[in-house]
Amino acid sequence: MVLEAGDAAAQVSGTDPADLAWSLSHLDPAVAETAYDALGAIRRGCPVARSGELDGFVLVTGYAEIREAARSSDRFCTYVDGLGAAAVVTEMRDAVAPMFETDGDHHHQWRRLLQAFFTPAAAAAQEQYVRAVCRETLQELILHGAGDLVGAYARQVPPLVIGRVLGLAELERAWLSEHVRALYGAEALTGAQQAGRIYADFLLGLIRERRARPSGDLLSTMVNAQVDGRSAEDDELVKMTVLMVAAGHLTTADACATALLHLLQDPPLQERITAQPAAMEAFVEELVRFEPAVAATGRTVTTETHLGGMPLFPGDRLLLAWGSANRDERVFDDGDLFRLDRDHGAQQHLGWGAGEHRCLGKHLARVELRVMLTELLRALPGLRLQPGATVRRTFGVIRGVAALPVQWEHR
Ligand code: HEM
């Protein structure tokens, strides 16, 4: 589906929601600019609808329906084929990642084993490191007076942090950070696959080392965990580690970029947050409701069932559009408005997911985003978009911003 940003609203309002859903692919770059107009129109007309794109899938946009699917692992499993971005590490295409792609008791056992690394206290223990990395990164930027905040900041900090959470040494973190940026920034699939193979070999080396010499870190725990009487195979562990690194860094980097865009587009809000850092927590939470970095993830139907009145059959693939749930007018007042004073206790948004697979890293993400944004606003006064800059939004599994050309007061 190709929607031009300018006349998107008119096209969306004049089209039958079922037709709109039928021609929507979340992976089409043209959808990004107007994604929430289209998803809103579909949600209001048919919160569970079929799309004919990507070999056919079921698009779930309503809050109640998404929550039901996420909480019903007896009917919908988390393993899904082909609704994410193309696999860049081709060797692990057939492997099933423990926890991320498993359900039921197997999933519970894995989650229980890893929980200790993601508690609020564990997240707080990373704060000093996050701050140090932010300051070091900003130190290099400050003198330039202008730059792209996505490439030069938002994508620099989170890979180092997830590397530290996994237990990597400083040089390994630097390697990881550089390579994941090359991997996810590659323009062509073949370039990404080549980078993916190098990345997989690097992870395999770390996994074998942890197997030979276990320590108490997260990666050792993953490598040596006994679940259902066995430890995971190499290819399962490589895929699990790739997903853990992606869960930790792509999300936070894009959430940071989206947050910065909001602040750049709303100077009074930027001033208020800069003057009152205490408002940052509310800002981050509202951002995760309004435009969650994890925009849409999949499920596969395992048994004949219904969702929102739609009959479903084993093998049907669902796409849960988390960000659409968070604007559902049946649940949220003014869901399409960003409101700093929104009471998040009154109604739980689904930006962190729901059910068994809800975000394990949300405490860490909150710390990272709060520190990244606070440090940046403190270091770069007078932050504004460069005159004439056009900003391209991204959508798909992850919602973000391609680049943010900005300038600031150069002291
Ligand atoms: C703003 C940043 C983030 C957002 C919006 C976010 C959102 C989500 C969502 C919606 C899910 C559920 C996906 C599904 O059910 O299909 C999820 C799962 C997960 N997230 Fe996050 N996340 C963020 C940051 C992080 C970070 C920093 C980590 C650290 C490693 C992390 C680790 C995970 C893991 C491990 C899962 C899978 C849990 C499971 O399958 O049981 N996330 N996240």
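The values are calculated or read from the model by the stated rules, or taken from the named source; none is laboratory data. None of the values given here were measured: they were computed from a predicted structure. Counting neighbours? That spans all protein chains shown, and the Cβs are built from the backbone with ideal geometry, glycine included. For accessibility, only protein heavy atoms count, side chains too; no ligands or nucleic acids. Shrake-Rupley method; radii C 1.70, N 1.55, O 1.52, S 1.80 Å.
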| request: Determine if the range 329-348 includes at least one residue that is within 14 Å of Tyr63 (Cα to Cα), within 16 Å of the ligand (Cβ to nearest atom) and in contact (Cβ under 8 Å) with a residue 60 or more places away in the chain. | output: no
| field | Set Arg299, Arg327: member being part of a strand (DSSP E or B) and surrounded by 20 or more Cβ atoms within 10 Å (Cβ to Cβ) | value | Arg299
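Is at least one residue of the range 402-409 of a type in the set (Phe, Trp, Tyr), part of a loop (DSSP other than H, G, I, E, B), touching a residue at least 60 places away in the same chain (Cβ under 8 Å) and more than 16 Å from the ligand (Cβ to nearest atom)? Give the derivation first.
As a first pass, look at the range 402-409 and keep what is of a type in the set (Phe, Trp, Tyr): 408.
Going one step further and asking which of them are part of a loop (DSSP other than H, G, I, E, B), we end up with 408.
This time we only want the ones that are touching a residue at least 60 places away in the same chain (Cβ under 8 Å), so: 408.
Imposing the further condition that a residue be more than 16 Å from the ligand (Cβ to nearest atom) reduces the set to 408.
Scanning the range 402-409 turns up at least one residue that is of a type in the set (Phe, Trp, Tyr), part of a loop (DSSP other than H, G, I, E, B), touching a residue at least 60 places away in the same chain (Cβ under 8 Å) and more than 16 Å from the ligand (Cβ to nearest atom).
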| said: of a type in the set (Ser, Thr, Tyr), surrounded by fewer than 22 Cβ atoms within 10 Å (Cβ to Cβ) and within 15 Å of the ligand (Cβ to nearest atom): is that true of Thr274 in this structure? | reply: no
| field | the range 358-393 - residue that is buried (at least 19 other Cβ atoms within 10 Å of the Cβ) and of a type in the set (Val, Ile, Thr) and, of those, farthest from His26 (Cα to Cα) | value | Val371
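So that you can scan it fast, the table gives a plain yes or no per residue for (1) surrounded by 15 or more Cβ atoms within 10 Å (Cβ to Cβ); (2) within 15 Å of the ligand (Cβ to nearest atom); (3) free of Cβ contacts under 8 Å to residues at least 40 places away in the same chain:
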site: Asp37; (1), (2), (3): yes, no, yes
site: Ala70; (1), (2), (3): yes, yes, no
site: Arg93; (1), (2), (3): no, no, yes
site: Leu113; (1), (2), (3): yes, yes, no
site: Glu127; (1), (2), (3): no, yes, no
| request: Would you mind finding the one in Leu218, Leu203 that is of a type outside the set (Phe, Trp, Tyr), within 26 Å of Tyr79 (Cα to Cα) and free of Cβ contacts under 8 Å to residues at least 60 places away in the same chain? | output: Leu203
| request: Go over the candidates Arg112, Arg155 one by one and state the one that is farther than 19 Å from Ala257 by Cα and either more than 20 Å from the chain's Cα centre (by Cα) or of a type outside the set (Gly, Ala, Ser) (or both). | output: Arg112
| Exactly one of (1) touching a Leu at 6+ places or on another chain (Cβ under 6 Å); (2) within 10 Å of the ligand (Cβ to nearest atom) is unmet by Leu59. Its number? | (2)
| task | Please enumerate the residues belonging to the range 70-101 that are among the hydrophobic types (A, V, I, L, M, F, W, C) and modelled with pLDDT under 80. | result | Ala85, Ala86, Ala87, Val88, Val89, Met92
| task | From Ala354, Ala403, Ala389, Ala379, grab the single residue that is touching a Gly at 6+ places or on another chain (Cβ under 7 Å) and among the aliphatic types (A, V, I, L, M). | result | Ala403
| Quick one: is Ser215 at pLDDT 95 or above, hydroxyl-bearing (Ser, Thr, Tyr) and either over 28 Å from Gly351 (Cβ atoms) or open to solvent by 70 Å² or more (accessible area, probe 1.4 Å) (or both)? | no
| task | Evaluate the following for Leu318: is it surrounded by 20 or more Cβ atoms within 10 Å (Cβ to Cβ) and assigned to a strand (DSSP E or B)? | result | yes
| message | Can you report the number of residues in the range 176-194 which are over 21 Å from the mean Cα position of the chain (by Cα) and aliphatic (A, V, I, L, M)? | response | 1
| Residues of the range 148-180 that turn out to be away from the ligand (no atom under 16 Å from the Cβ) and either modelled with pLDDT under 90 or surrounded by 23 or more Cβ atoms within 10 Å (Cβ to Cβ) (or both), as a count | 1
